[in-house]
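Shown next, in structure tokens, is the structure this report addresses.
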Amino acid sequence: MAKLERRDKTNYYLDLAETVSQRCTCLRRHFGAVIVKDDEVISTGYVGAPRGRANCSDLGYCQREAMKIPRGERYELCRSVHAEANAIISASRREMLGATLYLVGREVSTGKYVENATCCSMCKRMVINAGIAQVIIRDDETRYRVISVSDWVTDDESLQGVLGY
């Protein structure tokens, strides 16, 4: 009998996040997030407008795209709640303490994985406050980056350009 090849656990959870991303309603990028603690899925989240509001996919346009706003800027103009935020909203802090957040993003226009994907500054703050210990972000079908959330605490990007940083 041939030995069964099992998907490694990290890519298994990243695959789950990628499946979750298929619910996204954003016209630019599809992100999915899965929070896991002690090998148990705590919650999931994908990009979409707040409950009850029209999604960009329903409206047929993206406000940030129409204004030609580059990636990583002016998120306050976005209709959507990010995948990480939606996953955090759906879990209790007690469950998230020491957990891992798995994150996968794909470009809608090409289907390719988002290059150098990371959490935006607001989502980083939520991840820190949720007590999540690490974030794992997919780079391609099998490769990923592991980020210690404590690095985000130490490397406070909100201070860049302030106080000599």
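Placing unit charges on each Cβ (+1 for Lys and Arg, -1 for Asp and Glu) gives the chain a dipole about its Cα centre, and among 44, 144, 131 the Cα reaching farthest toward its positive end belongs to 44. Using just its DSSP H runs of length 4 or more, each adding -39500 (n - 2.57), the chain gives a mean residue ellipticity at 222 nm of -7000 deg cm²/dmol after division by all residues. Averaged over its residues, the chain has an accessible area of 61 Å² per residue, based on protein heavy atoms and a 1.4 Å probe. Peptide packing for 99-107, 43-51, 133-141, 31-39 was compared via the average number of neighbouring C-beta atoms within 10 Å per residue; ordered from the highest value, the list is 99-107, 31-39, 43-51, 133-141. Below 8 Å, C-alpha to C-alpha, sequence gap of six or more: please give me the relative contact order for segment 22-165 in percent. That works out to 24 percent. Restricting the calculation to Cα atoms, segment 60-116 yields a radius of gyration followed by a Dmax of 14.4, 40 Å. Where the alpha-carbon atoms of segment 1-76 are placed on the principal axes, they occupy 57, 23, 23 Å, in descending order. Using the Cβ-Cβ distance between residue 9 and residue 159 with R0 set to 35 Å, the FRET efficiency from 1/(1 + (r/R0)^6) comes to roughly 0.45. Binning all Cα-Cα separations of segment 1-153 at 5 Å, short to long from zero, yields these whole-percent fractions: 2, 10, 19, 22, 20, 14, 8, 3, 1, 1, 0, 0. As a fraction of the 1.4 Å probe accessible area of the chain, surface on carbon and sulfur atoms comes out at 49 percent.
The values are calculated or read from the model by the stated rules, or taken from the named source; none is laboratory data. All figures in this text were calculated on a predicted structure; none of them were measured in a lab. Cβ sites come from the backbone with ideal geometry, for glycine too, and all protein chains shown count toward neighbours. Accessible surface is based on the protein model in full, side chains and every heavy atom, while ligands, DNA and RNA are left aside. Shrake-Rupley method; radii C 1.70, N 1.55, O 1.52, S 1.80 Å.
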